[in-house]
1. I'd like to know if the stretch 309-332 contains one or more residues that are outside any helix (DSSP H, G or I) and under 17 Å from GLY221 (Cα atoms).
2. Restricting to the stretch 107-156, and then to whatever is of a type in the set (Ser, Thr, Tyr) and out of contact with any helix residue (DSSP H, G or I) (no Cβ under 6 Å at 6 or more places or on another chain), can you tell me which residue is most open to solvent (accessible area, probe 1.4 Å)?
3. Which numbered condition trips up LYS270, out of (1) modelled with pLDDT of 95 or more; (2) open to solvent by 50 Å² or more (accessible area, probe 1.4 Å)?
4. Here is a check on your reading of the model: is LEU48 within 60 Å of the chain's Cα centre (by Cα) and of a type outside the set (Ser, Thr, Tyr)?
5. What residue, among those in the stretch 254-307 that are among the polar types (S, T, N, Q) and part of a loop (DSSP other than H, G, I, E, B), is nearest to the ligand (Cβ to nearest atom)?
6. Take the stretch 269-281 and flag every residue that is hydrophobic (A, V, I, L, M, F, W, C) and out of contact with any Asp or Glu (no Cβ under 6 Å at 6 or more places or on another chain).
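The values are calculated or read from the model by the stated rules, or taken from the named source; none is laboratory data. Here the structure is a predicted model, which means the values were calculated and not measured. Cβ atoms come from the backbone with ideal geometry, glycine included; neighbour counts cover every protein chain shown. Keep in mind that these areas ignore ligands, DNA and RNA; they rest on the heavy atoms of the full protein, side chains included. Shrake-Rupley method; radii C 1.70, N 1.55, O 1.52, S 1.80 Å.
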Amino acid sequence: MQASATPPDELDALRAAALPAIAGADSAALEELRVGLMGKQGKLTALLKSLGAMDPEARKSAGAAINVLKAEITEALTARRAVLDAAALEAQLAAERIDVTQPPRPEPSGAIHPLSRTQDELTAIFGAMGFAIKDGPDIENDWNNFSALNIPGHHPARAMMDTFYLTGGEVLRTHTSPVQIRTMLEQPPPIRIIVPGRTFRSDHDATHSPMFHQCEGLVIGEGITLGHLKGCLQDFLSAFFQVPNLPVRLRSSYFPFTEPSMEVDIGWNKKTGEIGGGADWLEIGGSGMVHPNVLANCGIDPRQYQGFAFGVGLERITMLKHGIADLRLFYESDIRWLRHYGVSPLSPATLHEGF
Ligand code: DAH
């Protein structure tokens, strides 16, 4: 025996219960209604299943009526879901609204290491004077580091420098001066370069580290004089220490690669540490007129070209500028020290804004 058709009022009752419930449901209730109607055990699903047991005539009319109801319910579910989703998105957007006109909160941020900062400042100062920035390798050959700079094998300057010798006969460069040689071999005059970079000596205490930094300067051209050297150092040191007319003194000295040779002193107050004030002098580097032998070693005719050179210790001038007492702290990566002496990456090293 086959079952008879679904009574139409059963469908009407289901419709009358389901549609208003769907229209008023929240998100969770809507999902419950969907499962209760269209899920595996759902009421509508059960009605559809019952079609199978009907005779063909009854199935035809009942099937059409059930499918109409199914379409109505599906549409109601979809419409309600769309309304709820849109409301949820609105609420989320309102909750996550940001006021882009508010000033930023200060966040703990990274800082530029004071030595990197010094290099940036030197680049800005010398860049404005038309100097190019050069570098060279940490591992140097004996000729570039010594012989070409007029320091022959027997010369006491070799012993003075506490050199790290490598097994292949090379050295860890003891100064940035070998880049003078590299540059002069590479390009004809005029030359105007600075060379900030790492240097190495077997030495370790509060004012010496086995790895430290120097900045070399080299100018080669026709008619270059000691006056140019003094003026260049004066401009550089005044700009770096931000002291107009900083007292700069050239004191007679000896380096194998310059003739005449001079230590570079700046005026300061030994008691207070104030740069530029007081009657004391402090040595910050070496300088001189490039020795004719050095020019000749690089294939430059010393009768046509003259030049000056200088070398300063980057830790030294950084310690003086910022009142840093112990050189070793530069390399300890102590976050408190870095926060204190580091410079904001947002403050650019440009000459016209001052350092
Ligand atoms: N190279 C020297 C040193 O490390 C420093 C120096 C002195 C460099 C005089 C120069 C210079 O270019 O002219 O002690």
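1. yes
2. SER109
3. Among (1) modelled with pLDDT of 95 or more; (2) open to solvent by 50 Å² or more (accessible area, probe 1.4 Å), LYS270 violates only (1).
4. So LEU48 does not fit the description; no.
5. Narrowing the stretch 254-307 to residues among the polar types (S, T, N, Q): 258, 261, 269, 272, 287, 293, 297, 304, 306.
Checking the rest, the ones that are also part of a loop (DSSP other than H, G, I, E, B) come to 269, 272, 304.
On the way: ASN269: 26, THR272: 28, GLN304: 20 Å.
So the residue we want is GLN304.
6. Here is the first cut: in the stretch 269-281, the ones hydrophobic (A, V, I, L, M, F, W, C) are 275, 279, 281.
Across the stretch 269-281, the qualifying residues are ILE275, ALA279.
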